[in-house]
Amino acid sequence: MKIQRQKKLKRRLDFFKNNFGFSAPYSLIVDGTFCFAALSHKVSIKEQIPKILEDNVKILTTPCIVTEVEKMGPALYGAFTIVKQFAHHQCGHTVPVNGAKCVRSMVKGGNKSKYAVATQDQSLRTQLRTMPGVPILYLHNSAPTLEKPPEVSTDRADRWDADRVGLSKEQRKTITSLKRSILGESEPVKRRKKKVVKGANPLSRRRRKERESGEQQAEDGGEAERRSRRRRRRVKLAAHVKEELARRRQMGEQAV
Ligand SMILES: [Zn+2]
């Protein structure tokens, strides 16, 4: 399960790397809602967030976000102590705006600075999904998760793909279906399974074989036995006979 989750995260991060030019070190903007949720679920942002961003991430916030959380008072004091420790990235707002507006202003216009955003704010997430090329992080219970790239991002990537190869996704689909209708559906090659001999276990089979060969022997009137006896009855030549034979062979060769 954990491996599958990691694969999914990698696939989603790869999407932004391959299509929107993201690369380590990543810049992640965290807001007050994310810090609040992290505290509630006992998640250490500094320790656990880098794990899903190739252990190479700069965690940032903005003066507007810090001011907003501070204004919330004692209820968000814990979140305030967390959020204020991250680097305050200058957002350019001389008069602080609310956190969501500040985040939107930083990623609008194609997210040129390649920020990822960590937030639990549902309405902000919905708004970010309409902006192409913005990776969104959130806590699923206590598990830091990278949201599935929204349609606006995948559509943009498809358009770029189409420009590169001169075909859109739809056109590729049409070509595939045309190929199928002309060439026919390519049947998957079925592999024959090796036949496995089932039945009695091999040891009992061996015993039966032996038993059968014993019976055969009795029927043959001991033919096999005679053959083996013949093999045993090999004539051994005495040493002096062997010498004589060797001498004669030598003499024969010399005569030739
Ligand atoms: Zn701001």
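Tabulated data for the structure shown
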| read-out | value |
| --- | --- |
| Any hit, segment 128-138, residues being part of a helix (DSSP H, G or I) and more than 14 Å from the ligand (Cβ to nearest atom) | yes |
| Segment 104-117: number of residues that are more than 8 Å from the ligand (Cβ to nearest atom), of a type outside the set (Phe, Trp, Tyr) and under 19 Å from LYS58 (Cα atoms) | 8 |
| The listed residue being of a type outside the set (Val, Ile, Thr), out of contact with any Ser or Thr (no Cβ under 9 Å at 6 or more places or on another chain) and at pLDDT below 70, out of GLU151, GLU147, GLU170, GLU187 | GLU187 |
| Segment 78-93 residues that are exposed (fewer than 14 other Cβ atoms within 10 Å of the Cβ), paired with ones that are modelled with pLDDT of 95 or more (beta carbon under 6 Å, 6 or more apart) | ALA87/LEU60 |
| From ILE59, ILE65, ILE29, ILE136, residue being over 27 Å from LYS2 (Cα atoms) and at pLDDT 95 or above | ILE65 |
| Helices (runs of 4 or more DSSP H) wholly inside segment 38-125 that include at least 2 residues being within 23 Å of GLY21 (Cβ to Cβ) | 99-107 |
| Search result, residues across segment 59-77 that are away from the ligand (no atom under 12 Å from the Cβ), more than 16 Å from LEU137 (Cβ to Cβ) and surrounded by 15 or more Cβ atoms within 10 Å (Cβ to Cβ) | VAL69, GLU70, LEU76 |
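The values are calculated or read from the model by the stated rules, or taken from the named source; none is laboratory data. The model shown is predicted, which means the values in this text are computed figures rather than measured ones. Using ideal geometry, Cβ is built from the backbone for each residue, glycine included, and neighbour counts are taken over all protein chains shown.
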